[in-house]
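What follows draws every value from the coordinates through simple rules; no lab data is involved. Everything numeric here is computed off the predicted structure, so don't read it as measured data. Every residue, glycine as well, gets a Cβ built from its backbone with ideal geometry; the counts of neighbours run over all protein chains shown.
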Amino acid sequence: MADIKPKIKKKKSKKVLLFSIIGGVILLIIIAFVVSGKKEKQVTVQTEKISRRNITQVVSGTGTINPETKVDISAEISGEIVQLPYKEGDTVKKGDLLVKIRAETYGERINQQQAGVQYSRTQVEVAENNLRKAELELQRTEQLFNSGLVSQSDLDNARIAYQVAQSQVKSANANVRQNIAMLRQSSQDLSKATIRSTMDGIVTQLNNELGEKVVGTQQMAGTVIMTVSDLSVMDAEIEVSENDVTHVKIGDTADVEVDAFPDRIIKGYVYEISNSAKSKGLGTQEQVINFIVKIRIIDQDVSLKPGMSCNADIKVNSKSDVIAVPIQCVTARDEEKTTEDTNADDVKRKSDENVKKKEKPKEIVFIVEDGSPQKVKKVEVKTGISDDRYIEVLEGLEPDKTVVKGPYKSISKELDDGTIVKVDNEIKKKDDKEE
């Protein structure tokens, strides 16, 4: 029994020591967690010095290259193409024969109408002879009536016959004029069988071949046989969104990039802005409303073809020597409102006012302040125009300050007044190299 008691005491002392060690470790973990929780959060950011720059605001759009002047050659009469001397790409001069259509029916119709005119003129001669006869008959009847040899009824009949003869002469003359008008119209229609160019240009589109039949109508345009374009003056017709078109003005300069000439920037200027919208996906969630802007191409040493796709950057505004920061520096934050020292009625009243009048989120940037550790300060700004990289700051900043420009998540959500930051611009440089 004496040997068993020391062994039990020894085991108890080991258990006490083990539990003491475990408790100490747990205590140290709790202390470390509390200390780390009290330590302020540090955010890694990239920065840039605020400076003055020249900024040009640009409105972009996509579209196609088209000649300023082009004419669709359409058939006004129906028939078979019997002459088509030019093919696509050929140069034509004003007055050149472009198309001749066989119009045999019009020739036959003209022959018939010429005969009709001749016949109606003969009818005029007959009517005039009848008129002279009726006039003589009336004169004799009047003499006999004055001598009491004929009745009043005979005199009245003679006068009526004379008036009828006069009406027949008028009718015959009107018939002649009608037949002449029809003959003239048929002659004009026959002349439309020969189509000549109204301008100098190039055949940019040919839709029919020799021997094909075309359809012409008097009320609307018939078959479009070909298109003649003046390629000496070319335009870029681009689509600009409804939000951007309000910034575009007549005379604004533009840089046009044509896909067929990837290494060339073509100069131009805006000369026409459409007043009617061009809608896509009307009534759907993908609805897009654009406006056509026409840009006159200045550079004449580029062989542009109608239908080439292009992109255009229109310079709508430009400012020199303005305070500017990278676009990503500026974020929008709703104004924070505290309810301290305010009663429930004031809170409800302000809430109702905010519902009635929606306040726009304020534009802010974060400035890195000197000191250790480095902290940021939230500054409200007023912005102006922007280009693809920088935005003008009208109010709130001065040059030579340091502004936070990344990362986006930190600027938009994580940073606030007094946030401790670690500046690491090497990360940005590595990202730029990888791009």
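Things worth noting here:
- Packing-based ranking of 63-75, 398-410 yields 63-75, 398-410, ordered from highest to lowest mean Cβ neighbour count within 10 Å.
- Ascending count of other beta-carbon atoms within 10 Å, so fewest first, for Asp313, Asp200, Asp321: Asp321, Asp200, Asp313
- For Gln57, the residues whose modelled amide H falls within less than 5 Å of its own, excluding neighbours fewer than 5 places apart on the same chain, are Val316, Asn317, Ser318, Lys319.
- Shape call, the range 104-192: gyration tensor on alpha carbons, a/c limit 1.5: prolate
- Computed from backbone phi, the HN-Hα couplings of the range 151-158 come to 7, 4, 5, 5, 5, 4, 5, 5 Hz, rounded to whole numbers (Karplus: 6.51 cos²θ - 1.76 cosθ + 1.60, θ = phi - 60°; Gly and Pro given as x).
- Taking amide H atoms as placed 1.01 Å from N in the peptide plane, the amide H of Lys375 lies under 5 Å from those of Glu369, Val421, each 5 or more residues away in sequence or on another chain.
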